[in-house]
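Every number here is computed from the coordinates shown, using simple stated rules; none is lab data. For clarity, every value in this text was computed on a predicted model and none was experimentally measured. Using ideal geometry, Cβ is built from the backbone for each residue, glycine included, and neighbour counts are taken over all protein chains shown.
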Amino acid sequence: MNDYIEEKEKLKKALANLKLTDSIEKVEDKLNEHIGFKREKNIFIPQAKLYLITKGDFWPTREVICFAAEAGMGKTTFVQKLGEAMGRPTEPISCAGLDNPSEYSILGDEKKPSLVAWVIKEKGCRNPIILLDELEKATNEKIQQDLINLFEKYEKGDEIEDKYFQEKIDLSQITFFATVNDKHRLVLRLKSKVSMRELEPYNQEDKEKILQRKSDNIHKSHGVTEGTIIPKKLIELLPDYIQEAGVRQEERALYKAEKDYIYSKEKNQTYSVNQDPKKWLNNNVLAFREEFKVNWKHWFLFASLGINFLFLVGWIFKKFFLKTNHSKEEKNE
């Protein structure tokens with residue numbers, strides 16, 4: 001009972017607290033720390049500034065914005081950077097684990113708080129950002145319906161009644177985002193409730209900047225000079241070995257090189273990566289390609305080819321087979 005009272009008091013304090021940054025000028029700098037996403041930055045930088053100017057009283061859209069891109073594209077970190085730019089905490093929620101979380105349920109009941117109330121309590125403010133990560137993994141039909149009900153209330157800026165805490169929660173203070181790795185796997189009933197925004201793949205320049213930043217962090221953590229662990233040549237060669245929209249596999253290659261450095265140092269062995277990066281890649285990094293995924297465009301193409309094939313067979317049958325039979329009949333007459 002004491003725990004419940006403490007949690008309820010914690011929620012009440014959070015509902016009375018609005019978290020905002022005190023520096024509008026730093027919004028653009030903070031978002032630009034995230035490499036890429038130029039189109040999205042052009043949209044959200046003005047919106048974030050306006051949110052701060054109005055002290056959290058204005059957010060231009062009440063729809064759930066869903067970013068669609070391959071894994072490793074930085075969807076989650078972009079939303080987190082957006083939150084940091086406004087001084088708002090972000091709570092990522094894995095949709096793969098929504099079936100039966102121990103701390104909350106989506107709409108809440110007498111035994112568990114609602115998702116929104118739980119996030120507000122945990123983040124200590126009434127205006128957190130809730131990020132529904134990998135929304136396509138919400139496959140349970142009841143979970144899907146609960147999310148739809150929540151999204152509809154959110155779009156209207158309604159309140160929800162949290163039965164567990166017996167508190168009314170104002171959804172107009174919350175901002176929802178979602179991500180999907182494959183928009184074609186997202187069920188139609190959820191897809192119709194979100195604003196889908198497809199992100200452009202990183203270009204080569206963006207990838208090199210991201211990998212160089214990772215390399216800088218690795219060298220800094222070990223207190224060694226640049227190039228000791230991750231040579232520049234390794235970063236330049238990686239795109240020839242790993243082809244992906246994001247950088248997840250390439251980052252793993254850098255971390256593999258770091259592990260090899262630690263191992264060779266502990267065993268007092270020669271560290272081979274900076275001596276011959278190409279040879280190390282050949283021996284340690286398997287060629288990676290994005291998995292081919294069949295979508296509706298492919299099925300449409302297959303169907304079109306099939307129909308054209310049937311028409312061709314029919315034409316050949318009519319042109320040659322029937323004509324031959326007709327000629328035989330005329331000779332018999």
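Things to note:
- Checking the cross-link pairs Lys55/Lys137; Lys75/Lys156; Lys26/Lys220; Lys19/Lys41; Lys49/Lys142 against a 29 Å limit on the alpha carbon distance flags Lys55/Lys137; Lys49/Lys142 as lying beyond it.
- Aspartates and glutamates with Cα under 14 Å of Lys38, excluding same-chain neighbours fewer than 8 positions away: Glu28, Asp29, Glu198, Glu200, Glu205, Asp206
- Within the chain, percent of DSSP bridges classed antiparallel, to nearest 5: 15
- Per-residue Karplus couplings for the stretch 232-237, computed as 6.51 cos²θ - 1.76 cosθ + 1.60 with θ equal to phi - 60°, are listed in order as 4, 4, 5, 5, 5, 7 Hz, Gly and Pro entered as x.
- For the chain, modelled as a GNM whose springs connect Cα atoms under 10 angstrom apart, the maximal fluctuation among Phe309, Phe58, Phe78 occurs at Phe309.
- Sequence-distant residues sharing a close amide H with Leu132 (under 5 Å, placed H): Ile93, Phe177, Ala178, Thr179
- In sequence order, calculated HN-Hα J values of the stretch 146-157 (Karplus, 6.51, -1.76, 1.60; Hz; x Gly/Pro): 4, 5, 4, 4, 5, 4, 5, 5, 5, 4, 7, x
- Column: log10 I(q)/I(0), Debye, Cα scatterers of the stretch 163-203, q = 0.23, 0.26, 0.27, 0.33 Å⁻¹: -0.89, -0.97, -1.00, -1.22
- Distance from the stretch 1-58 to the stretch 92-112 (C-alpha centre basis), Å: 23
- The aspartates and glutamates within cross-link reach of Lys8, meaning a Cα-to-Cα straight distance under 20 Å and a gap of 8 or more places when in the same chain, are Glu91, Glu103, Asp109, Glu110, Glu122, Glu159, Glu161, Asp162, Glu167, Asp170.
- Ascending count of other beta-carbon atoms within 10 Å, so fewest first, for Leu305, Leu190, Leu18: Leu305, Leu18, Leu190
- Nearest-20 debye value, the chain charge dipole, Cβ charges on Lys, Arg, Asp, Glu: 740
- The C-alpha atoms of the chain define a longest principal axis, and helix 322-332 lies at about 20 degrees to it.
- Whole-Hz Karplus values for the stretch 268-281 come out as 6, 10, 6, 8, 8, 4, 7, 7, 8, x, 5, 5, 5, 5 Hz, taken residue by residue from phi with 6.51 cos²θ - 1.76 cosθ + 1.60 and θ = phi - 60°; glycine and proline positions read x.
- DSSP-defined beta bridges in the stretch 62-179 - what % are antiparallel, rounded to 5: 25
- Calculated diffusion of the stretch 138-289, Stokes-Einstein form, Kirkwood radius summed over Cα pairs, 10 °C and 1.306 mPa s, µm²/s: 82
- Per-selection Rg to Rh, the chain - Cα, Kirkwood hydrodynamic radius: 1.15
- Label point 7 Å beyond Cα of Ile53 along Cβ direction - residues of the stretch 70-109 with amide nitrogen under 17 Å: 86
- Peptides 229-236, 115-122, 275-282, ordered by how many other C-beta atoms sit within 10 Å of their residues on average, highest first, read 115-122, 229-236, 275-282.
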